[in-house]
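The next block holds one structure in the form of structure tokens; read it before the comments.
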Amino acid sequence: MSIFHFAFKVKDIESTRKFYIEILGCKEGRSTKSWIDFDFFDNQLSAHVSNKFPELDYCGKVDGINVPIPHFGCLLEKSEFERVEKKLKSEKIDFIVKPQKRYEGKVGEQMTMFVFDYSGNSIEFKSFSNNNEVFSE
């Protein structure tokens, strides 16, 4: 079994719980007053409270779209992508990059969307038309 682990900064535990549990549907793992773990689509996220955040840069240009760097995210099956998209819209979460198809008709065709969590971390959700093309050129 391979599970990805990512530790990142958040402003507070309360709003982080709301975003990752109530909106995204993640399960909570261990926590203290200054950090919290989540099952983020079968990967481990560790959110640590901080008051120092790196400045975002929209230097990433992918298929003609400027995307924020740094960002993290996950690859989802189509139905899960659609569920997350619907939930984000129902919670009136603003999209940095609205849900859209990239590389249409090409190798690596995918749906993508970017949002900020309540601490300003940029998150990308993707769903490939063909999962065998995730690492294809």
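The values are calculated or read from the model by the stated rules, or taken from the named source; none is laboratory data. Not measured: the values here are computed from a predicted model. Counting neighbours? That spans all protein chains shown, and the Cβs are built from the backbone with ideal geometry, glycine included.
Which residues, taken from segment 113-137, are closer than 14 Å to D63 by Cβ and in contact with a Ser or Thr (Cβ under 8 Å, 6 or more places away or on another chain)?
Passing the criteria: F114, E124, K126.
Anything in segment 15-37 that is of a type in the set (D, E, K, R) and not in a strand (DSSP E or B)? List them, or say none.
Step one: filter segment 15-37 for residues of a type in the set (D, E, K, R), giving 17-18, 22, 27-28, 30, 33, 37.
Answer for segment 15-37, where residues must be of a type in the set (D, E, K, R) and not in a strand (DSSP E or B): R17, K18, E22, K33.
Taking into account only those residues within segment 94-121 that are of a type in the set (A, V, I, L, M, F, W, C) and surrounded by fewer than 17 Cβ atoms within 10 Å (Cβ to Cβ), which is farthest from I23 (Cα to Cα)? Let's see the steps before the verdict.
To start, the set of residues in segment 94-121 that are of a type in the set (A, V, I, L, M, F, W, C) comprises 95-97, 107, 111, 113-116.
In the following step, the residues that additionally are surrounded by fewer than 17 Cβ atoms within 10 Å (Cβ to Cβ) were identified as 95, 107.
On the way: F95: 14, V107: 31 Å.
Going through the qualifying residues, I end up with V107.
State all residues of segment 58-87 that are touching a Pro at 6+ places or on another chain (Cβ under 9 Å) and within 16 Å of G120 (Cβ to Cβ); if no residue qualifies, say none.
Once the filter is applied, which keeps residues that are touching a Pro at 6+ places or on another chain (Cβ under 9 Å) and within 16 Å of G120 (Cβ to Cβ), segment 58-87 yields Y58, P70.
Output the number of residues of segment 64-102 satisfying the condition of being modelled with pLDDT under 95, in contact with a Ser or Thr (Cβ under 8 Å, 6 or more places away or on another chain) and either of a type in the set (D, E, K, R) or in a loop (DSSP other than H, G, I, E, B) (or both).
Total satisfying the criteria: 3.
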